[in-house]
1. Within the range B:276-291, take every residue that is part of a loop (DSSP other than H, G, I, E, B) and small (Gly, Ala, Ser) and give me the one that is farthest from the other protein chains (Cβ to nearest Cβ).
2. For the range B:188-247, which residues satisfy the criterion of being part of a strand (DSSP E or B) and of a type in the set (S, T, N, Q)?
3. Are any residues in the range A:83-99 over 30 Å from A:LEU2 (Cα atoms), more than 7 Å from chain B (Cβ to nearest Cβ) and surrounded by fewer than 21 Cβ atoms within 10 Å (Cβ to Cβ), and if so, which ones?
4. How many of the residues in the range B:280-305 are without any contact (Cβ under 8 Å) to a residue 12 or more places away in the chain and surrounded by fewer than 18 Cβ atoms within 10 Å (Cβ to Cβ)?
5. Looking at (1) surrounded by fewer than 15 Cβ atoms within 10 Å (Cβ to Cβ); (2) within 16 Å of ligand 2 (Cβ to nearest atom), can you tell me which one A:GLU180 breaks?
6. Cβ contacts < 7 Å: first residue within 11 Å of A:GLN89 (Cα to Cα), restricted to the range A:153-165; second residue part of a loop (DSSP other than H, G, I, E, B) and within 16 Å of ligand 1 (Cβ to nearest atom), any location; separation 6+ or different chain. Result?
7. Return the residue satisfying two criteria in turn: it lies in the range A:13-66 and is away from chain B (no Cβ under 14 Å) and basic (Lys, Arg), and of such residues it is farthest from ligand 2 (Cβ to nearest atom).
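Only the coordinates and a few stated rules stand behind these numbers; no lab work does. Predicted, not measured: the structure shown is a model, and the values here were computed from it. Cβ coordinates were reconstructed from backbone atoms using ideal geometry, including for glycine residues, and neighbour counts include every protein chain displayed.
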Amino acid sequence: MLELRNISFTVQTEESEPFDVLSNINLKLEDNLSYVFTGPNGGGKSSLAKIIMGIYQPTSGSIFLEGEDITNLNITERAKRGIGYAFQQPPRFKGITVSELLSISSGSSYSMKECSNLYKVGLCPQDYLKREMNSSLSGGEMKRIEIATLLARKLKFAIFDEPEAGIDLWSFGKLTETFENIKEKHDTTLVIISHQERILNLADEIILIADGKIQRTGPKSELLPSLLNNPDCSCNYNCQERSENHA
Amino acid sequence: MLNNIDKEILNRVADMTHIPEGAYNIRKNGAGIMRNTTPNIDIRTKEDKPGIDIIVKPFTKGETVHIPVLLTNQGLEDLVYNTFEIGEGSDVLVVAGCGIHNPGEETSQHDGIHTFFVRKNARMKYVEKHYASGSGKGKKILNPKTIIEIEEGGYAEIETVQIKGVDYSKRDTEVRVGKNAHLLITERLMTDGDQYAESIVIVDLVGVDSSVQIISRSVAKDHSEQIFYPRVNGHERCKGHVQCDAIIMNNARVRAIPEIAAYNADAELVHEAAIGKIAGEALIKLMTLGLSQEESEEAILKGFLR
Ligand SMILES: Nc1ncnc2c1ncn2[C@@H]1O[C@H](COP(=O)(O)OP(=O)(O)OP(=O)(O)O)[C@@H](O)[C@H]1O
Ligand SMILES: [Mg+2]
């Protein structure tokens, strides 16, 4: 189980006032369950994921993994304890091949497992293993390899940050299948950050994050209907009229 | 004749784990110590100055020439002139490379002046690696000068690598590229400590439809200093592309001054130069996979200098 206690994260840039990216987050994420963090752009989802991974250090509050206080552990130490994060925007590497990155990730050299991990994200292994992780890969390819780097590891806690972004419809099915598998096969706590209904459907529990706070949590049966016809976001009269004129 | 240090150096600079097949000439401490020629590739000692002539017969295909240089005595200043005649229509690999082992306090220096004639429709790949070792204070200096003439339809690929141990190097490369001839230069360099490395490349595209691509990748650590000065002059309808990419760390200094000059309206020349730290996101990504910060840096630099 991963537990967040009173996590706040405030950033201060030179020009502007201090800004609360996250305030007072309290959350318990149980083993063997899958969660979806959803909510508006800029709400704080990725920041929360980075705080769990150790990429951001919270301004206050603490984080526990299986009862151990990991608040002061660095990224590497958290990775070694089984936390993984698939980036929303995966970085590129000149000269490092897909196969090498997957080897780093799995902690062993090239094997059949890497092949199957690429296959699971809808990439044909023989076309990609020798490719460099540089700008020659498309955005969607980068996203899929990013997901494969997590599949290559044995994780207690895995966060995927908008894994479906930029992924075409065909592989989307494969992807949801892969997440279903992770959920069923391993003892991994799965967190997916997403705006997509099909991903929301995978969740045991949905956590709605907006304005740096947890607005609501609950099983998908409760939250999904209200999220899908969100009254805060209906078109006003003017807006509707304009779109009708355009039609 | 070769001791363990020699063998280690040969492996580093010329990927030689054993005596190579094909033609070779091994120079140690200022004198040739081993040589082999083949029916198609002759190696002759120059009569007027130190050095050798390497003559590849026209239409020789798939042969190799290894000409490594070893300096294991401290305080030695070695100057050598090598001339390569790469005959018409041939296709060969030339592996040069210089390794210095300097355990002492005095300077060891090797200055190699290499002149190549890549004849009509010939193809040559030239690999030159630099490596130096030895814990003494003695400076290890390498100043290579490379002059290449590529005739009509010819192709030359120059790959230079200097990753470790050389305290001071000043590399000069001058190439004239003829009609429908092509040149590819890839340069990889890493400096640390107080090392200094300078590379000046001048390419004249003198033939119609000639082309050049220069790719330089370097890493500068500690207090080291690097200067790149690649210049491409387009005199005819031609294409040129210069790309300098450097990673800078600690208190190092890097200057990249690419220059392109067109003397013909159909010359298409491009240069790109970038200097920057290791990308923070890339470093973080590898750490999230369980590598320490140092291991992540190492993995990124290794890939970058590949
Ligand atoms: N390091 C930082 N410095 C300054 N502001 C930050 C930093 N990290 C995040 N923010 C700000 O915090 C807010 C939350 O960002 P975050 O990336 O967590 O949002 P998100 O919920 O993941 O949004 P999206 O759905 O667009 O990915 C944004 O307003 C963002 O600009
Ligand atoms: Mg985000």
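1. Applying the first criterion (part of a loop (DSSP other than H, G, I, E, B)) to the range B:276-291 yields B:277-279, B:289-291.
Next, from what is left, pick out any that are small (Gly, Ala, Ser): B:279, B:290.
Details: B:ALA279: 6, B:GLY290: 4 Å.
Going through the qualifying residues, I end up with B:ALA279.
2. First, pick out the residues of the range B:188-247 that are part of a strand (DSSP E or B): B:188-191, B:196-205, B:210-220, B:225-234, B:238-247.
Matches in the range B:188-247: B:THR191, B:SER199, B:SER210, B:SER211, B:GLN213, B:SER216, B:SER218, B:GLN226, B:ASN233, B:GLN243.
3. Here is the first cut: in the range A:83-99, the ones over 30 Å from A:LEU2 (Cα atoms) are A:93-99.
With more than 7 Å from chain B (Cβ to nearest Cβ) added as a condition, the list becomes A:97-99.
A:THR97, A:SER99 - these are the residues of the range A:83-99 that are over 30 Å from A:LEU2 (Cα atoms), more than 7 Å from chain B (Cβ to nearest Cβ) and surrounded by fewer than 21 Cβ atoms within 10 Å (Cβ to Cβ).
4. Total satisfying the criteria: 8.
5. (2)
6. Note: pairs meeting the criteria are A:ASP161/A:PHE87; A:ASP161/A:GLN88; A:GLU162/A:GLN88; A:GLU162/A:SER194.
7. Among them, the one singled out is A:LYS28.
Conditions tested, residue by residue: (1) buried (at least 16 other Cβ atoms within 10 Å of the Cβ); (2) under 20 Å from B:TYR131 (Cα atoms).
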site: B:ILE9; (1), (2): yes, yes
site: B:ALA14; (1), (2): yes, yes
site: B:GLU21; (1), (2): no, no
site: B:ASN36; (1), (2): yes, no
site: B:ILE41; (1), (2): yes, no
site: B:ILE52; (1), (2): yes, no
site: B:THR60; (1), (2): yes, no
site: B:GLU63; (1), (2): yes, no
site: B:LEU71; (1), (2): yes, yes
